[in-house]
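Working notes, beginning with the structure itself.
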Amino acid sequence: MPADLPPGANRHRAWAPGRVNLIGDHTDYTGGLVLPMATDLGTLVEVEFSSEADELTFSSSHEPEPARFKLDGTPLGSKAPVWSAYLGAILAALRPPQGGHGRVTTTLPIGAGLASSAALELSLALALGFDGAGRDLALLAQAAEQAASGVPCGIMDQLACALGQVGHALAIDCHTLATTPVPVPKECEIIVVHSGTSRRLADTAYGERRQECQAIEELIGPLRQASYDALSAISDPRLKRRARHVVSENTRVGQAAAALGGSDLKAMGRLMTESHTSLSADFEVSTPELDHLVGWLNALPGVYGARLTGAGFGGCVVVLAQPGAVDLAAFKTLAWIVRPSSGARLLRWP
Ligand code: GLA
């Protein structure tokens, strides 16, 4: 059971942030570099255990149907709601000794590229009693995500949401899993704007992109170590564009960590916008709505840069701007000012 609860306590409460990725998309699954930031938008899971209960039921602020499980994660009932697959995968990994009732409440938009599933996995694992290192929590949650969704996702989301630090983004080397906090300057605002399109990654070309990266690595070796010169060995123009994105994005992340840490917001913004162009033209994971938003935002005075964030195919744009430069009321879709937050943690029961 989690260490900081009084002995005998049979209810647990845990919160996990979502993440916005400032730069470094579609680099994590080839062991590259990423620079995400845990957000103050997140997910709360509260579980009350009962020694008599031999099943667990979860209700959610976002879902009409509760989800029911055996203690080993097997779903109960004829219609298992889609979101319950993530719960089932965490339960199967942790196998809590008692049943009971849980509630899930979130301020994150679902399927919008802000790691709502990672926040759910991490907060549930903590509420069920996971009591290990943040990195192990992230690896457990990544395995659950892959099992639940069938999507071969990388480690960025779970690691960012597990290890986030107040006031900082996190530079992550996805090969070694080393994380370096990078302070986010106070004299800027980070804004997230929803493009209006939500999606499940399982329904997108995410898996196809990952296969394309594997095909590239069979030709030129590990993408995380590849140089621009290596691209000349790739004759297929589509694979060459994909590789150019990954190689250039890894370079940009290194430059961006230095720019952000050194409060060079103009350089950081320029790199973010270059990243968007690369994701759109070379990696082809943008949409007309995301491209339009990025172009529109970049034309506003006081905006340093903007890009799609996360996997793309819909979801959100992240914007770096001077405080007050972007009026949230100008959007027909949801928009938030997000602040760098700490990672997943247990909370005291109120
Ligand atoms: C999703 C995945 C991550 C990462 C991003 C794209 O968020 O879960 O592992 O691959 O897409 O950068």
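A short reminder: the numbers here are calculations on the coordinates, not readings from a lab. In this text the structure is predicted, and so the values were computed from the model without any measurement. We place every Cβ from the backbone using ideal geometry, glycine too, and count neighbours over all the protein chains shown.
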ask   = So what are the ³J(HN,Hα) numbers for the range 299-304, from phi and the Karplus equation (6.51, -1.76, 1.60; θ = phi - 60°), rounded to whole Hz, Gly and Pro as x?
value = 7, 7, x, x, 8, 7
message = How would Trp296, Trp349, Trp83 line up from fewest to most surrounding beta-carbon atoms within 10 angstrom?
response = Trp349, Trp296, Trp83
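Residue separation times 0.36 nm, minus the C-alpha to C-alpha distance between Asp72 and Asp327: what's the value?
87.1 nm
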request  = For the chain, find the longest principal axis of its Cα atoms and tell me its angle to the long axis of helix 237-261, 0 to 90°, nearest 10.
outcome  = 80
ask   = Once amide H atoms are built 1.01 Å from N in the peptide plane, which residues 5 or more positions from Ala344, or in another chain, come under 5 Å H to H?
value = Ala162, Leu163, Gly164
request  = Divide by every residue of the chain the summed helix terms, -39500 (n - 2.57) for each DSSP H run of at least 4, and state the resulting mean residue ellipticity at 222 nm, rounded to the nearest 500 deg cm²/dmol.
outcome  = -10500 deg cm²/dmol
key: Share of alpha-carbon pairs per 10 Å distance bin for the chain, given as whole %   = 6, 26, 33, 22, 11, 2, 0
task = Diagonalise the Cα gyration tensor of the range 154-251 and give the resulting equivalent ellipsoid semi-axes, square root of 5 times each eigenvalue, largest first, whole Å.
result = 29, 19, 14
task = Would you mind computing, in nm to one decimal, how far apart the modelled labels at Arg11 and Ala281 are, each placed 7 Å from Cα along Cα→Cβ?
result = 5.6
Alpha carbon centroid spacing (whole Å) that separates the range 13-63 from the range 275-318 = 24
request  = Taking the Cβ of Val193 as the centre, find all other residues whose Cβ is under 15 Å away and add up their charges (Lys, Arg: +1; Asp, Glu: -1).
outcome  = -2
ask   = Between Thr107 and Ser227, what length comes free when the chain is fully extended (0.36 nm per residue of separation minus the Cα-Cα distance, one decimal in nm)?
value = 39.1 nm
task = Treating only the Cβ atoms of Lys and Arg (+1) and Asp and Glu (-1) as charged, compute the dipole magnitude of the chain about its Cα centre; round to the nearest 20 debye.
result = 320
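Kindly state, to the nearest 0.05, the FRET efficiency for Leu219 paired with Glu52, given R0 = 45 Å and r defined as their beta-carbon distance.
Result of the calculation: an efficiency of 0.15.
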message = Can you return the aspartates and glutamates within cross-link range of Lys186? Criterion is Cα-Cα under 15 Å, with same-chain partners fewer than 8 residues away left out.
response = Asp264
note = Rounded to one decimal in nm, the spacing of the 7 Å Cα→Cβ label points at Ala299 and Ser263 is 3.3
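With Kirkwood's inverse mean 1/r over C-alpha pairs for Rh, give me the Rg to Rh ratio of the range 28-122, two decimals please.
Value, to two decimals: 1.02.
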inquiry  = Can you compute the modelled spin-label distance between Trp349 and Val166, with each label point 7 Å from Cα toward Cβ, in nm?
reply    = 2.6
message = Tell me which of Ala160, Ile216, Tyr29 sits at the most positive position along the dipole axis of the chain, charges placed on C-beta atoms (Lys, Arg +1; Asp, Glu -1).
response = Ala160
message = What is the angle, in °, between the Cα long axis of helix 265-281 and the longest principal axis of the Cα atoms in the chain? Nearest 10 is fine, range 0 to 90.
response = 90
Whole-Å distance, taken between Cα centres, linking the range 129-198 and the range 66-117 = 20
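What number, in nm² with one decimal, is the all-direction average of the projected area of the convex hull of the alpha-carbon atoms of the range 72-143?
That works out to 5.3 nm², a quarter of the Cα hull's surface.
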message = Counting only other residues whose beta carbon sits under 12 Å from that of Tyr228, what net charge do I get with K and R as +1, D and E as -1?
response = +1
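Report the rotationally averaged projected area of the range 11-75 based on its alpha-carbon convex hull, in square nanometres. If you can, show how the numbers build up before the last one.
Working: hull surface 27.4 nm².
Averaged projected hull area, Cα only: 6.8 nm².
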remark   = Taking a ≥ b ≥ c as the square roots of the eigenvalues of the Cα gyration tensor, with a/c under 1.5 meaning rounded and otherwise prolate when a/b exceeds b/c and oblate if not, the range 229-350 is prolate
